[in-house]
Amino acid sequence: MHKKKSWREKLADSKELPKVTRIAGKMSTRWGTGTLVIPAPKEVDAIMRRVPKGKLTTIDEIRTALAKKHKTDLACPLCTGIFAWIAAHAAAEGAEAGEKNTTPYWRTLKAKGELNAKYPGGIPTLKKLLAKEGHRVVAKGKKFFVADFVS
């Protein structure tokens, strides 16, 4: 029987990434032409780890940093988002195991300062962690945002 990988194992599995490729086919309809980087999960995690206490970033800002690092026109939005989600769950898993220096995933937001409900603990946990660092969260319809967020 196949044992399911832990979140930390998923984060460490680079799958031969990063990979730079040309934007082609259906992708070019949405993103135009040029080059695209599919980052390694650890690269996304490394950027998330560098966000200092009290500061915030977004998936889009992480994508911009990855594209600059790899000298491409853009970083894959889907992969970057998935790898941020894996990094968040790996951090929570590490914290549960007693690790002290885990990735502060709550500082990585979606576009326009929106909280990512798919992160560990969901919105209630994110609100608590962000409040500890001086951020105020507001509801806009069914979504939650950091008040006065400026990217």
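Brief remarks follow.
- Farthest towards the positive end of the charge dipole of the chain, among the residues Trp106, Gly141, Trp85, is the Cα of Gly141, using unit charges on the Cβ of Lys, Arg, Asp and Glu.
- A simple spin-label model places the labels of Lys5 and Lys68 2.9 nm from each other, with each point 7 Å out along Cα-to-Cβ.
- Ordering Glu133, Glu99 by accessible surface, largest first, gives Glu99, Glu133; the 1.4 Å probe counts only protein heavy atoms, with every chain in place.
- Value of [θ]222 nm, deg cm²/dmol, for the chain, DSSP H segments ≥ 4, -39500 (n - 2.57) each, nearest 500: -12500 deg cm²/dmol
- For the range 1-79: relative contact order, % (alpha-carbon pairs under 8 angstrom, 6 or more apart): 29
- Taking the Cα centre of the range 1-114 as reference, the dipole from Cβ charges on Lys and Arg (+1) and Asp and Glu (-1) amounts to some 160 debye.
- Put a dot 7 Å past the Cα of Phe149, heading toward its Cβ, do the same for Ala111, and the two dots end up 1.2 nm apart.
- Share, in percent, of DSSP beta bridges within the chain that are antiparallel, nearest 5: 70
- Percent accessible area from carbon and sulfur atoms, the range 29-151, protein chains only, probe 1.4 Å: 55
- Here Leu78 sits with roughly 120 square angstrom of accessible surface, probe radius 1.4 Å.
- q = 0.14, 0.16, 0.20 Å⁻¹: log10 I(q)/I(0) that the Debye formula gives for the chain, counting C-alpha atoms only: -0.71, -0.90, -1.23
The values are calculated or read from the model by the stated rules, or taken from the named source; none is laboratory data. Since this is a predicted model, take the numbers as computed values, not measurements. Using ideal geometry, Cβ is built from the backbone for each residue, glycine included, and neighbour counts are taken over all protein chains shown. Ligands, DNA and RNA are stripped out before the accessible areas are found, and what is left, the full protein with its side chains, is counted by its heavy atoms. Shrake-Rupley method; radii C 1.70, N 1.55, O 1.52, S 1.80 Å.
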